[in-house]
Amino acid sequence: MRDVSVTSGGLIRVMPASLANKIAAGEVVQRPASAAKELLENAVDAGARDVTLVLRSSGAELIQVVDDGCGMSPDDARACFRRHATSKIFEMQDLDRIRTLGFRGEALASIAAVAQVELRTKRRRDDAGFRVRIEGGDVEASEPCATRAGTSVAVRNLFFNVPARRNFLKTPATELRHIVETFQTLALSHPEIAFRLVNDEMEMYRLPGESGEDFMESLRGRIEVLFDDGRTDRLVPVEEQTSYLSVRGFVGEPELHRKSRGEQYLFVNERAVRNRSIEHAIYAAYADLLPEGAYPFFALFLTLDPSRVDVNVHPAKAEVKFDDDRGVYTFLKSIVRKGLGSALLTPQVGAFDERLSGRPLPESFSIPTTPGKPSQAAPGKSRAAGDVQDAGRRSAELYGGAEAAGFAHWGPPSGRGRETDRSGVDDSLLWQLHDRYVLTQIRSGLMILDQNAAHERILYERSLDHIQNGVGLSQQLLFPQSVEFSASDFELMKELLPDLRSLGFDLETLSGRSAAVRGVPSDIRAGDEKSVLEDVLAQFMLNREDMKVSSRVNLARSLARRSAIRPGTRLSPKEMRSLIDQLFACEMPYACPQGRPTIVKIPIEELDKRFRR
Ligand code: ADP
Ligand code: MG
């Protein structure tokens, strides 16, 4: 250790304010974008309806914000550059009810310490405006002036007196990108305010104030103009409220994903924040609907009592803490999932039209009259009320879940994900269409389930659970088999051996490149145990080439793929019932592991429309 005590022998003095401000500025103003952010936030706090950000040389020469907000009195115009000068909080208790973006009273003092700043401001009721010019923290001029109502703050030559900072700035393109991100975030948080961004006389954004009655509509409008890439067709609304928390906004459909987390906007009481736990909750809601390394788009607004959330945990006010972090996590995960679920479930009117008009109408519905022996009935033939009651009675017997259904190889659903409801399925009515789709009446209309995709989802989740927890049941083969592998398959099999065993493969490697298979996972269809191990390994290799997933996920997918009931398999009503029950016990019931939908819901209104009722 070096023995240098730099503090010894010095006299303690209070440093001049200009020096203190310059040091403090480092915390608030790291780059042009942070100055732009502070100025934009002040404009919002001042109640502006119209805000313009003007840049020269991507902010290196000039960062100016012009607003039509409340303006300042001459006294305030002079005072606002002092450290801890703020009109926003006065007492300790105020910290618990912060509604404004700023509250520390540091921004203008910090910016003025490291730039040449000119402020022009006028309150509506005043005749004249007031101007303050300040450079490196020293007031150069303060006098009445002619100006519009509102405030303009021009920051020139940022870091002119801090060469170290200036040299740390990135290329103009990079600094501009940061400013644009800041601008976008603020613009999203206040759709009702008109925003404009101009760089070197070129207008980059002109966002009209969205004056819609409804916040969701305003936000949608803002997203539309801001991103200008048609993404509003791919947004899923999320809107939910409890006594503790209200959440509004949109998440992107899974296909709208991005390669980086750049387009994730979270606002707590209108302040843009980061919160790891919430981000994680949202990812969890997408489950495996997103490819590895992909990030969903979201713009979510959380509103809650300011005393329940600490915005002061981070100097740049970017991180927040909730007094009930766990509750917020669970709530967000479940409402985002619910939103995604209903978006995946309900085909859009246009898409639905396309889907049906392109194909001949199905010839017949197979309506099971006796379990397992569906009879044919002409479409449109009205079913007598007696039939319906009959079906009701039958299904009541069936409604006993997997065990009662005697569909042993599907086993009881794994305990996870029970939060999902049964999606309002009326168990009295179940039909199988062309041995591929299961149709059932639900409260809102008709639900169609793809039997293969649904079963794949069920098996996938169960397999993953088994691999992770090592609890897969094995069904013993009557005659153990010895399987001969190629050299590469043999290596792969050995590598996967622990996971294969967890899945329920009872395996032992033998001499040479063979293995004895004594048991296979109990989920396997009867009669096809023989080749299952080879098939799963082959599928695994295939997946490995075109999917970026972990080997466990791959293995679970491979087994599910291999073992799911195929299209063309006739199901008994018990089996259909069991399929629906188990699907809705899944973490993510709405899509198969590859992301195809498992269920499609057709609202009764849609049918009414098609029959022109
Ligand atoms: P804070 O925003 O934390 O209060 P600032 O240094 O950003 O601190 O601003 C200091 C004060 O100056 C604010 O509290 C506000 O009263 C006033 N002010 C700053 N910008 C504006 C503006 N654009 N319009 C009206 N008042 C402003
Ligand atoms: Mg401020």
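Seen from all sides and averaged, what is the projected area of the convex hull of the Cα atoms in segment 139-260, in nm²?
Working: hull surface 51.8 nm².
Projected area, direction-averaged: 12.9 nm².
Give the shape of segment 197-241 as rounded, prolate or oblate, defined through the alpha-carbon gyration tensor: a ≥ b ≥ c are the square roots of its eigenvalues, a/c under 1.5 means rounded, and otherwise the shape is prolate if a/b is larger than b/c and oblate if not.
On the way: a/c = 3.33, a/b = 1.92, b/c = 1.73.
Prolate, because a/c is 1.5 or more and a/b exceeds b/c.
Over all Cα pairs of segment 120-201, how is the pair count split among 10 Å bins, expressed in % and running from 0 up to the last occupied bin?
Reading upward from the zero bin: 14, 30, 36, 19, 1.
Given H placed on each backbone N at 1.01 Å, which residues far from residue 193 in sequence or on other chains put an amide H within less than 5 Å of it?
Those qualifying (amide H under 5 Å, at least 5 residues apart or on another chain) are 210.
Note down the Stokes-Einstein diffusion coefficient of segment 229-344 in µm²/s, whole number, using a Kirkwood radius over alpha carbon pairs, 10 °C, and 1.306 mPa s. Show your work: numbers first, answer last.
Working: Rh = 14.4 Å.
Taking Rh from Cα pairs, D becomes 111 µm²/s.
Does segment 17-206 classify as rounded, prolate or oblate by the C-alpha gyration tensor (a ≥ b ≥ c root eigenvalues; a/c under 1.5 gives rounded; else a/b over b/c gives prolate, otherwise oblate)? All intermediate terms of the calculation are to be shown ahead of the outcome.
Numbers: a/c = 1.28, a/b = 1.11, b/c = 1.15.
Taking the square roots of the gyration eigenvalues as a ≥ b ≥ c, segment 17-206 is rounded.
Just to confirm a number: summing +1 for Lys and Arg and -1 for Asp and Glu over residues other than residue 117 whose beta-carbon lies under 9 angstrom from that of residue 117, what do you get? All intermediate terms of the calculation are to be shown ahead of the outcome.
Values: positive: 133, 156; negative: 118, 135.
Charge balance in the 9 Å sphere: 0.
Which ³J(HN,Hα) values in Hz, rounded to whole numbers, follow from the phi angles of segment 77-86 under the Karplus curve 6.51 cos²θ - 1.76 cosθ + 1.60, where θ = phi - 60° and Gly and Pro get x?
Result, rounded to whole Hz: 4, 6, 6, 5, 8, 7, 5, 6, 8, 8.
How high is the relative contact order of segment 229-344, in percent, counting Cα pairs under 8 Å that sit 6 or more residues apart? Provide the component values of the computation, followed by the final result.
Values: 195 pairs, mean separation 36.6, N = 116.
Computed over segment 229-344, the figure is 32 percent.
Quick one: what are the phi-derived ³J(HN,Hα) couplings along segment 159-172, Karplus 6.51/-1.76/1.60 with θ = phi - 60°, whole Hz, x for glycine and proline?
For segment 159-172, the Karplus curve yields 6, 4, 10, 10, x, 4, 5, 4, 5, 7, 5, 7, 4, x Hz.
Considering only DSSP states other than H, G, I, E and B, which trypsin sites (Lys or Arg not before Pro) in segment 232-263 qualify as loop sites with at most 10 other Cβ atoms within 10 Å?
259
Starting from the amide H of residue 145, placed 1.01 Å from N in the peptide plane, find each other amide H under 5 Å away whose residue is 5 or more places distant or on another chain.
It is 129, 130, 131, by chain and number.
If amide hydrogens are placed 1.01 Å from N in the peptide plane, which non-local residues have theirs closer than 5 Å to the one on residue 272?
Long-range HN contacts for residue 272: none found.
Once phi is turned into ³J(HN,Hα) by the Karplus curve 6.51 cos²θ - 1.76 cosθ + 1.60 with θ = phi - 60°, what whole-Hz value does each residue of segment 24-34 show in order, with x for glycine and proline?
5, 4, x, 6, 8, 10, 8, 7, x, 4, 6
Mind checking segment 163-197 for trypsin sites (Lys or Arg not before Pro) that DSSP puts in a loop (not H, G, I, E or B) and that have at most 16 other Cβ atoms within 10 Å?
170
What are the GluC sites (Glu not before Pro) within segment 270-315 that DSSP puts in a loop, where the Cβ has at most 13 other Cβ atoms within 10 Å? Write out the running numbers ahead of the final one.
On the way: sites: 270, 279, 292; in loops: 270, 292.
Passing both the DSSP loop test and the Cβ count: 292.
Values in this text are rule-based calculations from the coordinates and carry no lab data. This one's a predicted model, so the numbers in the text were calculated from it and none came from an experiment. Every residue, glycine among them, receives a Cβ derived from its backbone with ideal geometry; neighbour counts consider all protein chains shown.
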